[in-house]
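The values are calculated or read from the model by the stated rules, or taken from the named source; none is laboratory data. Predicted model only: the values in this text are computed from it and were never measured. A quick note on method: Cβ atoms are made from the backbone with ideal geometry, for glycine too, and the neighbour counts reach across all protein chains shown.
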Amino acid sequence: MVAVQTSPNLSPSAEWICCLDKRPSERSGEDVDIILTRLREVKAFQRFPPPLLMQICSCAFYECLEKGITLFRQGDIGTSWYAVLSGSLDVKVSETANHQDAVTICTLGIGTAFGESILDNTPRHATIVSRETSELLRIEQREFKTLWEKYRQSLAGLLAPPYGAMESGSNNDRLTDKDNMNSDAANKGHKIPSEKLQRAGKVLRNAILSRAPHMIRDRKYHLKTYRQCCVGTELVDWLVMQSACVLTRSHAVGMWQSLLEEGVLNHVDQELGFQDKYFFIVSLTMKMKKRHCPIGPDALLRMILRKSPGQRTGDDLEIIYDELLHIKALAHLSNTVKRELASVVIFESHAKAGTVLFNQGEEGTSWYIIQKGSVNVVIYGKGVVCTLHEGDDFGKLALVTDSPRAASIVLREDNCHFLRVDKEDFNRILRDVEANTVRLKEHEQAVLVLEKSPRASTLGSIKYTVISGTPEKILEHFLETMRMDIHHSEPDPALDDFVLMHCVFMANSQLCPLLMAQYPSASAHCERLEFAVNAKRKVLILTLRWANVHSYLLQEEPTAISFLEELFGSVSNDSRVLRALKDLAADLEKVVKIHSEEAKATKKKTLIRQFSNGEERLQKKQPIRNQDDILLKVYCSDQTYTTIRITVAATGREVVSAVADKIGTTEELLLVHLNSAGEKQILKPNDVSVFSTLSINGRLFASPREQLNSLAALPDQEGPTAGSMSTFELMSSKDLAYQMTMFDWELFSCVHEHELLYHTFGRQSFRRTTANLDLFLRRFNQVQLWVVTEVCLCGQLSKRVQLLKKFIKIAAHCREFKNLNSFFAIIMGMSNPAVSRLSQTWEKLPTKFKKFYAEFESMMDPSRNHRSYRLTVTKLEPPIIPFMPLLLKDMTFTHEGNRTYIDNMVNFEKMRIIANTIRQVRHCRSQPFNPDICQPNKNQAEVRGYVRKLCVIDNQRALTQLSYRLEPRRT
């Protein structure tokens, strides 16, 4: 619980607040009358019988919460019941013990109540945070129980769904996107609405007919005319306007989704998920016909899981395996085990909350993973000890120890789905894993864990893969098992994983001495000569692979250059008598020469200017490096600025120090990122390359703490006030896409593979910049906002329609050039709420272009882990410019779902998965970009200049306001 303050300034009259602040025993009859007058102003209380209202006036207290105050947290034991008199509060639920993971599931408005968990002393099922300054009426537990016994029906009226249900712990009515896809409609051929939702549908339809009849009319969709339909955007707009309780568009979408799943709404193409989009056309009809629904990705998965293991095809097993990769309960298992599980896992579902899956004391027969829903873990004498949610597992202990069930498992909600592994399969897989696992120990401590690979080596011998180990032992293993029959320039996935990922657990300063120690220095005896030569060749091959992968990064490390020169000296001497080393000695000489010369050249620092004023122009094709210098504008609270020259990898502390020296102040300054909306983010002193993380129109400020509140956005941060359509409408769509692709390829080529690692694991720990990657990601955001900005600044309806056509054409050409980064940026820009809500504009768009857009948008479908996009990429040949945010999401998921160290050993299985993702980037750049794919026109320089300097508005609130000026809400 948190302390809250009383504020008499929130109400027109402070008198009633003063009355509520008195102890109940001290309140006079006049005090009660004053409180009663105020409560009757709240519509929800007007339904209460007078005796109940009088008792509330006698025992209730007043509380005022400022914006952002946490009233109580999920898991707290409650002491009071609350009703909202003014303002609003967010209801947040976390499925983990970490409150930072909580997500907002709904918002409580005036007249709603919460906190009834005090009736049975159960922990709070949600966290309540004030969304704005809010006034609450509070009744303590003892008094509320007394009122509940007498006036249960009246008080329960305030706790009607969706709000009361949230607080009481039932989340049956809460729908996520995954729930939508998993609905019974996807699994059955028809759906009959429940009586309550059927009645709700009738009420809504009558309300629309009486208040907004224009919304229900004939619509054209994919060359067909559908009679008496509505579109998703208008339905959401209307519901948000009609109800004070529906405060967000996502809340409205969830309500329409419930009606869609129940068959009250019917999409013209039988889609299962409601969308806040103009192209989402539904009929709002009370004729409850049976309907056939296409099989969605999750329904397909369930269909496969219902097959017996012997009937599953290779494609079936790949689909199951892909699902298992993204289940947190299995994150610690190796990919080999997950593939084994894919062949035996079974789907099981139960319809009703309260169903007992198994009882405490029973024999364990299966291991379960929750795919959808939640369960309570119940122990005799203790009751519910915890709740397990989607992605959690249970039932393993009884199988491992062969003991009775330690607890009972009871369904917490309706319609729960599970993945089940039966005892026989569980034990077999565990036995196989144990039998195929080798643990090497030193001084009774495990130093290397290997797993037998199902694939034999080319020589027919048993091959082992590294699961975990100490850095030194992992290095020794790869040197011992290195293949000598392939050239060091050819791929060797196992060795490449180590070379790419070693910086996470073994810095170059540690690796170089170890490699040097592995190179036999003394002259070997004749019987050991062959062994020594092989050992030397292995060290040289690994070094050449390492130098090739790290490329220019080595030039920034004197230790690495010294190691290469020392090793080359040893190899030069040995190659005079050992002819087997001559070819590798020549290759190493080239590497040493290149890196030594470039290391000397890079001592002359390059000066970068493109970040100095926030513009996204990259004037040079060479990558940005740690030792480069940059001219950086840093603003003061009076909006004057100073320009400093610092290194690219400078920390926030070093930037502040340089600014203080330049302006001659001894005050303690904070480094602040101020975006165009005026939002402030205080940067940490150890943040690296702070300039590269600025938003597109963001600026850096250095300010004393007491002046933070006075910081305001600069006028030029607001972005353009007029669109540039008059400039680029004369340019060919293909030329625009071509120049965008050229620029994107230039940026993409500058991104070093290791920047992906620094981004995932945190660049502070490496003290390395990710400026090239940041530039590439900002370009994606810039193109996306360019689309929204141009549409929202176009005041003429016919011109906006032309704009949409232009952007769809550009997107089509980007896809043709395999520039998926800009392709997705354009489509996501058109999906932005500020654009998608412009129903009059979309309605005028020709059918052909609507069809193209719908096809492009389907590639963005996030279901089945973006399966649509991934299948598209697998069909393309390089060069490809990939959708980088998704690759980073994959790496982050792997990093956060798997520990880097297990039992003080490096989790190399994790390194391997991340390396596979980075290898996708390598594949995309494995062929050079062909500049001749498009014949340039005369205005090539003009087009090139335009796409490299896009001016945008990056304030979503401002874009939304512009959108409503173009097409106000229909009333």
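Candidates in segment 835-884 are the residues that are under 26 Å from Asn930 (Cβ atoms) and among the polar types (S, T, N, Q); of these, the one that is surrounded by the most Cβ atoms within 10 Å (Cβ to Cβ) is Thr872.
Do we have Ala517 as part of a helix (DSSP H, G or I), in contact with a Pro (Cβ under 7 Å, 6 or more places away or on another chain) and either surrounded by 15 or more Cβ atoms within 10 Å (Cβ to Cβ) or assigned by TED's automatic domain parsing to the domain that holds Leu581 (or both) here? Outline the logic, then answer.
Working: part of a helix (DSSP H, G or I): yes; in contact with a Pro (Cβ under 7 Å, 6 or more places away or on another chain): no; either surrounded by 15 or more Cβ atoms within 10 Å (Cβ to Cβ) or assigned by TED's automatic domain parsing to the domain that holds Leu581 (or both): yes.
Against the criterion (part of a helix (DSSP H, G or I), in contact with a Pro (Cβ under 7 Å, 6 or more places away or on another chain) and either surrounded by 15 or more Cβ atoms within 10 Å (Cβ to Cβ) or assigned by TED's automatic domain parsing to the domain that holds Leu581 (or both)), Ala517 does not qualify.
Screening segment 705-806 for helices (runs of 4 or more DSSP H) wholly inside it with 3 or more residues that are under 21 Å from Val943 (Cβ atoms) and either hydrophobic (A, V, I, L, M, F, W, C) or in contact (Cβ under 8 Å) with a residue 40 or more places away in the chain (or both) returns the ranges 725-728, 733-750, 771-792.
Among residues of segment 839-857 that are without any contact (Cβ under 8 Å) to a residue 60 or more places away in the chain, those with a Cβ under 8 angstrom from a residue that is surrounded by fewer than 16 Cβ atoms within 10 Å (Cβ to Cβ) and among the hydroxyl-bearing types (Ser, Thr, Tyr), sequence gap 6+ or separate chain, pair up as Lys844/Ser798.
Within segment 659-689, the set of residues being surrounded by 17 or more Cβ atoms within 10 Å (Cβ to Cβ), within 25 Å of Arg625 (Cβ to Cβ) and not acidic (Asp, Glu) comprises Val659, Leu671, His673, Leu683, Val688, Ser689.
Only strands (runs of 3 or more DSSP E) whose full extent lies in segment 331-420 are considered here, and the ones with at least 2 residues that are closer than 30 Å to Glu451 by Cα and touching a helix residue (DSSP H, G or I) at 6+ places or on another chain (Cβ under 8 Å) are 346-350, 366-372. Considering segment 134-165 alone, what residues qualify as being at pLDDT 80 or above and closer than 21 Å to Ala102 by Cβ? Scanning segment 134-165 gives Ser134, Leu136.
Per-residue answers, yes or no, for (1) over 27 Å from the mean Cα position of the chain (by Cα); (2) charged (D, E, K, R):
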residue: Thr789; (1), (2): no, no
residue: Leu793; (1), (2): yes, no
residue: Lys805; (1), (2): yes, yes
residue: Ile808; (1), (2): no, no
residue: Ala812; (1), (2): no, no
residue: Arg815; (1), (2): no, yes
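Only residues that are closer than 13 Å to Ala331 by Cα, buried (at least 18 other Cβ atoms within 10 Å of the Cβ) and basic (Lys, Arg) were counted in segment 899-921, giving 1. Residues in segment 379-420 that are among the basic types (Lys, Arg) and under 27 Å from Ala342 (Cβ atoms) were compared, and the one that is nearest to the chain's Cα centre (by Cα) is Arg420.
Looking only at segment 862-880, decide whether some residue is within 12 Å of the chain's Cα centre (by Cα), farther than 20 Å from Gln784 by Cβ and either outside any strand (DSSP E or B) or modelled with pLDDT under 85 (or both).
yes
Ser692 meets all of the listed conditions (1) outside the structural domain of Gln920 (by TED's automatic domain parsing); (2) of a type outside the set (Val, Ile, Thr); (3) surrounded by fewer than 18 Cβ atoms within 10 Å (Cβ to Cβ); (4) in a helix (DSSP H, G or I) but one, namely (3). Screening Gln927 on (1) part of a loop (DSSP other than H, G, I, E, B); (2) closer than 19 Å to Ala737 by Cβ shows it passes everything except condition (2).
Considering only residues that are part of a helix (DSSP H, G or I) and modelled with pLDDT under 85, look in segment 462-495 and name the one that is surrounded by the most Cβ atoms within 10 Å (Cβ to Cβ). Walk me through it before giving the result.
Let us first name the residues in segment 462-495 that are part of a helix (DSSP H, G or I), namely 471-480, 493-495.
Subsequent filtering for residues that are modelled with pLDDT under 85 retains 493-494.
Values: Pro493: 10, Ala494: 18.
Checking each candidate, the answer is Ala494.
Considering each of Leu450, Leu500, Leu459 in turn, give the residue that is closer than 29 Å to Asn548 by Cα, modelled with pLDDT under 90 and in contact with a helix residue (DSSP H, G or I) (Cβ under 9 Å, 6 or more places away or on another chain). Full working, then the answer.
Working: Leu500 fails: modelled with pLDDT under 90; Leu459 fails: in contact with a helix residue (DSSP H, G or I) (Cβ under 9 Å, 6 or more places away or on another chain).
Exactly one residue qualifies, and that residue is Leu450.
Scanning segment 927-939 turns up no residue that is surrounded by 15 or more Cβ atoms within 10 Å (Cβ to Cβ) and at pLDDT 90 or above.
Pick out the one residue from Glu424, Glu413 that is farther than 21 Å from Leu330 by Cβ, among the acidic types (Asp, Glu) and either in the same structural domain as Thr365 (by TED's automatic domain parsing) or surrounded by 14 or more Cβ atoms within 10 Å (Cβ to Cβ) (or both).
Numbers: Glu424 fails: farther than 21 Å from Leu330 by Cβ.
Within the list Glu424, Glu413, the selection yields Glu413.
The rows are residues; the columns are (1) modelled with pLDDT of 80 or more; (2) under 11 Å from Ala342 (Cβ atoms); (3) of a type in the set (Gly, Ala, Ser); (4) assigned to a helix (DSSP H, G or I).
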residue: Met286; (1), (2), (3), (4): no, no, no, no
residue: Lys289; (1), (2), (3), (4): no, no, no, no
residue: Pro294; (1), (2), (3), (4): no, no, no, no
residue: Gly310; (1), (2), (3), (4): yes, no, yes, yes
residue: Leu317; (1), (2), (3), (4): yes, yes, no, yes
residue: Glu323; (1), (2), (3), (4): yes, yes, no, yes
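Within segment 932-949, residues that are on the phi < 0 side of the Ramachandran plot and polar (S, T, N, Q) reach partners that are in a loop (DSSP other than H, G, I, E, B) and surrounded by 14 or more Cβ atoms within 10 Å (Cβ to Cβ) with beta carbons closer than 7 Å, at six or more positions or on different chains, in the pairs Asn937/Ser732; Asn939/Met731. Residue count for segment 547-591 satisfying the condition of being at pLDDT below 85 and in contact with a Phe, Trp or Tyr (Cβ under 6 Å, 6 or more places away or on another chain): 0.
Anything in segment 763-805 that is under 30 Å from Leu553 (Cβ atoms) and of a type in the set (Gly, Ala, Ser)? List them, or say none. Hits for segment 763-805 are Ser765, Ala771.
Among residues of segment 576-594 that are in the same structural domain as Tyr552 (by TED's automatic domain parsing), those with a Cβ under 6 angstrom from a residue that is of a type in the set (Phe, Trp, Tyr) and assigned to a helix (DSSP H, G or I), sequence gap 6+ or separate chain, pair up as Leu588/Phe568; Val592/Phe568. Does Met828 satisfy the criteria of being assigned to a loop (DSSP other than H, G, I, E, B) and of a type outside the set (Asp, Glu)? So Met828 does not fit the description; no. All of Val375, Val345 fail the test of being under 27 Å from Asp120 (Cα atoms) and modelled with pLDDT of 90 or more, apart from Val375.
Candidates in segment 111-133 are the residues that are at pLDDT 85 or above and in a loop (DSSP other than H, G, I, E, B); of these, the one that is surrounded by the fewest Cβ atoms within 10 Å (Cβ to Cβ) is Glu132.
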